Amino acid sequence: MTAVAQDREVSVVEAAPKKLYINGQWRDASGGATLEVHDPSTGEVLCSVADATEEDGWEALRAAEAAQESFAAMPPRKRADILMKAFELMHERKDDLALLMTLEMGKPLAEAYGEVNYAAEFFRHFAEEATRISGNYQTAPAGNARFIVAKQPVGPSILITPWNFPLAMGTRKLGPAIAAGCTSVLKPAELTPLSMLALAQLLEDAGVPAGVVNIVVTSTAGKVMEPLIRSGIARKLSFTGSTGVGKKLLEQCADKVMRTSMELGGNASFVVFEDADLDKAVEGAMQAKMRNSGEACTAANRIFVHESVISEFSEKLAARMGELQVGRGVAEGTTVGPMVDAKQRDKVAELVDDAVKSGAEVVLGGEPAAGEGFFYKPTVLKGVPREARMWREEIFGPVAPVTPFTDEGEVIKWVNSTEYGLVNYVFTENLNRALRVAEAVESGMVGINQGVVSNPAAPFGGVKESGLGREGGDIGIDEFLESKYIGIAVN
Ligand code: ADP
């Protein structure tokens, strides 16, 4: 990627929408408050956007409620056409979308392009699903009735998304919601609202009717969202974020027994057996660890390598990690951007310091990068002891902790010794072992000889405290549908 000219950075931020999008209108927050958006690679303010109050939240929810009936009645083909148009517009506008994302979130521009593409695929996937929503017709076992099972939209939905994939986490929820005929209020993370506001503009241009998608950006998420969730007007909450916040939201949803999809934290293991293709494993580890600079719930958090190959693997991994170029996402050649903010960088530093204090050896990096912005150096740690905090906590940064193991049964126990269960990665050339381990590990997803599992056409989600429900795949749309059984007596 070549470097981006400074005036292009300024003009893309200037042109980006910065108001709330409620009932098809772009408006300031009631009271006129704004919040600042920062560039994490410099710490400087990029711009200010409207900061919604509780009143704005209510207006958004009422707009979604009012639009629900007519949107549910829109022919599926029309909903599919809108999503397909949105897919095309994302490709047309990819330069601006990618740059905006890099500026507010920090990821290297090449990765931002990758995300625009990935995010757009959710619209295409769900455009294709929209016209395939089907039900069932069945004869009662006693023969005296017929059962029709119809699928209907769950109703107005609240969608809450994180900062690490500012576009894709939005399209992964908006795609199935629109396909199923659900209106929504979407609250993006306050650190990265620009991508979502640009997406709202795009959806409007694609023909999404007023009130169907409402975007509320706020610096007081708890205060604005809790009354909306507890009201019961929305019938569904789809959340991607931390397990702690997810649990709080589940409690709030319990009030009115709302449907929920929860995509929460992870503590992925990356297991390299002695019979693995080590070059493939190193490449896989680079992807599983370094995609999004490690700021992903799917990131390899614990790397277990068989003791007979750990030296070779660690050397190769450190060599590859050492080639990475840390810098502003818009600069030429950057492969690792900054952490999203100072808090995130300090958390990474704290976890590394704790591991080193407990006895881990620093093979590469091991400290924040000097200078402006929230950078942390790509880091490889060897022999991280089990009492280290990073064994249990999500690192969310460019830190690869490598630990030896000797035996398949032992490593499976270690993999499962966490309250999380999102994804695990297994590297082996032995098919029987691959299947055995894939079946034994407790996670919603398993990558075999691959370091990335995310794909709009596959069901993404976790077990245990990593979440509830699945996004994407042929079952992703079910999260936004109810089954209605209609019994018909037959004489
Ligand atoms: P992360 O650690 O990735 O920042 P969070 O769970 O804190 O994860 O944030 C994910 C999303 O949840 C963000 O949009 C954030 O604003 C939102 N959020 C955080 N706290 C609350 C809350 N109490 N109620 C509703 N949304 C919240």
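The values are calculated or read from the model by the stated rules, or taken from the named source; none is laboratory data. As the structure is a prediction and not an experimental result, all values here were calculated from the model. Note that each Cβ is placed from the backbone with ideal geometry, even for glycine, and that neighbours are counted across all protein chains shown. Surface accessibility is based on the protein's heavy atoms, side chains included, excluding ligands, DNA and RNA. Shrake-Rupley method; radii C 1.70, N 1.55, O 1.52, S 1.80 Å.
This table checks each residue for (1) open to solvent by 80 Å² or more (accessible area, probe 1.4 Å); (2) at pLDDT below 95; (3) assigned to a strand (DSSP E or B); (4) on the phi < 0 side of the Ramachandran plot.
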| position | (1), (2), (3), (4) |
| --- | --- |
| Glu9 | no, no, no, yes |
| Val12 | no, no, no, yes |
| Tyr21 | no, no, yes, yes |
| Trp26 | no, no, yes, yes |
| Ser30 | no, no, no, yes |
| Asp56 | no, no, no, yes |
| Arg62 | yes, no, no, yes |
| Ser70 | yes, no, no, yes |
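Return yes or no: is Asn144 modelled with pLDDT of 95 or more, more than 11 Å from the ligand (Cβ to nearest atom) and more than 26 Å from Ala73 (Cα to Cα)? Even if it seems obvious, please write down each step before you answer.
Working: modelled with pLDDT of 95 or more: yes; more than 11 Å from the ligand (Cβ to nearest atom): yes; more than 26 Å from Ala73 (Cα to Cα): yes.
Criteria met by Asn144.
Residue by residue, here is whether (1) of a type in the set (Ser, Thr, Tyr); (2) over 20 Å from Gly421 (Cβ atoms); (3) touching a Ser or Thr at 6+ places or on another chain (Cβ under 9 Å) holds:
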| site | (1), (2), (3) |
| --- | --- |
| Glu283 | no, yes, no |
| Gly294 | no, no, no |
| Cys297 | no, no, yes |
| Arg302 | no, no, yes |
| Val309 | no, yes, no |
| Glu315 | no, yes, no |
| Ala319 | no, yes, no |
_The one condition in (1) open to solvent by less than 60 Å² (accessible area, probe 1.4 Å); (2) part of a loop (DSSP other than H, G, I, E, B); (3) closer than 27 Å to Ala349 by Cβ; (4) in contact with a helix residue (DSSP H, G or I) (Cβ under 7 Å, 6 or more places away or on another chain) that Gly421 fails to fulfil_ = (3)
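Just the residues that are assigned to a strand (DSSP E or B) and more than 16 Å from the ligand (Cβ to nearest atom), please, taken from region 264-281. First the steps, then the outcome.
The initial filter retains those residues of region 264-281 that are assigned to a strand (DSSP E or B), namely 268-272.
Hits for region 264-281 are Ser269, Phe270, Val271, Val272.
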*What do you reckon, is Ala434 surrounded by fewer than 22 Cβ atoms within 10 Å (Cβ to Cβ), more than 26 Å from the chain's Cα centre (by Cα) and without any contact (Cβ under 8 Å) to a residue 12 or more places away in the chain?*
no
_Pull out all pairs, ordered by first then second residue, where Cβ-Cβ is under 9 Å, the residues are six or more apart or on different chains, the first lies in region 241-255 and is within 17 Å of Lys173 (Cα to Cα), and the second is open to solvent by 60 Å² or more (accessible area, probe 1.4 Å) and more than 8 Å from the ligand (Cβ to nearest atom)._
Gly246/Glu465; Gly246/Leu468
*asked:* Being hydrophobic (A, V, I, L, M, F, W, C) and over 21 Å from Gly337 (Cα atoms) is the filter here; which residues of region 1-41 pass it?
replied: Ala15, Ala16, Leu20, Ile22, Trp26, Ala29, Ala33, Leu35
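Tell me which residues, restricted to region 122-141, are in a helix (DSSP H, G or I) and open to solvent by less than 70 Å² (accessible area, probe 1.4 Å). Give the steps one after another, and end with the answer.
First pass over region 122-141, keeping only residues in a helix (DSSP H, G or I): 122-130.
Phe122, Phe123, His125, Phe126, Ala127, Glu129, Ala130 - these are the residues of region 122-141 that are in a helix (DSSP H, G or I) and open to solvent by less than 70 Å² (accessible area, probe 1.4 Å).
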*asked:* Within region 437-446, take every residue that is touching a helix residue (DSSP H, G or I) at 6+ places or on another chain (Cβ under 7 Å) and outside any helix (DSSP H, G or I) and give me the one that is surrounded by the most Cβ atoms within 10 Å (Cβ to Cβ).
replied: Gly444
*asked:* Checking the condition at pLDDT below 95 and either touching a Gly at 6+ places or on another chain (Cβ under 7 Å) or outside any loop (DSSP other than H, G, I, E, B) (or both), which residue from Pro338, Pro385 passes?
replied: Pro385
*Out of the residues in region 376-389 that are touching a helix residue (DSSP H, G or I) at 6+ places or on another chain (Cβ under 7 Å) and open to solvent by 20 Å² or more (accessible area, probe 1.4 Å), which is farthest from Asp341 (Cα to Cα)?*
Lys382
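Go through the residues of region 363-375 one by one and say whether even a single one is within 30 Å of Met262 (Cα to Cα) and open to solvent by 10 Å² or more (accessible area, probe 1.4 Å). Before you say what the answer is, go through the steps one by one.
Our first condition is that a residue be within 30 Å of Met262 (Cα to Cα); within region 363-375, this holds for 374-375.
Checking which are open to solvent by 10 Å² or more (accessible area, probe 1.4 Å) leaves us with 374-375.
Looking for residues that are within 30 Å of Met262 (Cα to Cα) and open to solvent by 10 Å² or more (accessible area, probe 1.4 Å), one finds at least one in region 363-375, hence yes.
Filter region 293-314 for residues that are assigned to a loop (DSSP other than H, G, I, E, B) and aliphatic (A, V, I, L, M); which is surrounded by the fewest Cβ atoms within 10 Å (Cβ to Cβ)?
Among them, the one singled out is Val309.
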_Residues satisfying the stated conditions in region 320-333, i.e. open to solvent by 40 Å² or more (accessible area, probe 1.4 Å), touching a residue at least 24 places away in the same chain (Cβ under 8 Å) and in contact with a strand residue (DSSP E or B) (Cβ under 9 Å, 6 or more places away or on another chain)_ = Gly322, Val326
*asked:* Given the options Leu317, Leu351, name the one that is in contact with a helix residue (DSSP H, G or I) (Cβ under 9 Å, 6 or more places away or on another chain), farther than 22 Å from Ala110 by Cα, part of a helix (DSSP H, G or I) and open to solvent by less than 70 Å² (accessible area, probe 1.4 Å).
replied: Leu351
_Checklist (1) among the charged types (D, E, K, R); (2) open to solvent by 60 Å² or more (accessible area, probe 1.4 Å); (3) closer than 26 Å to Glu323 by Cβ applied to Glu394, failing item_ = (2)
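Are there any helices (runs of 4 or more DSSP H) wholly within region 168-263 with 2 or more residues that are under 29 Å from Ala98 (Cα atoms), open to solvent by 50 Å² or more (accessible area, probe 1.4 Å) and more than 9 Å from the ligand (Cβ to nearest atom), and if so which? Break it down stepwise before answering.
Details: elements: 168-180, 193-206, 221-231, 243-254.
The qualifying helices (runs of 4 or more DSSP H) are 193-206.
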*asked:* Looking at region 462-480, can you tell me whether even one residue there is open to solvent by 50 Å² or more (accessible area, probe 1.4 Å), within 27 Å of Lys151 (Cβ to Cβ) and outside any loop (DSSP other than H, G, I, E, B)?
replied: yes
*Does any residue in region 148-177 that is over 24 Å from Arg124 (Cβ atoms) come within less than 6 Å, Cβ to Cβ, of a residue that is assigned to a helix (DSSP H, G or I) and not β-branched (Val, Ile, Thr) six or more places away or on a different chain, and which pairs are these?*
Gly155/Gln68; Pro156/Ala64; Pro156/Glu65; Pro156/Gln68
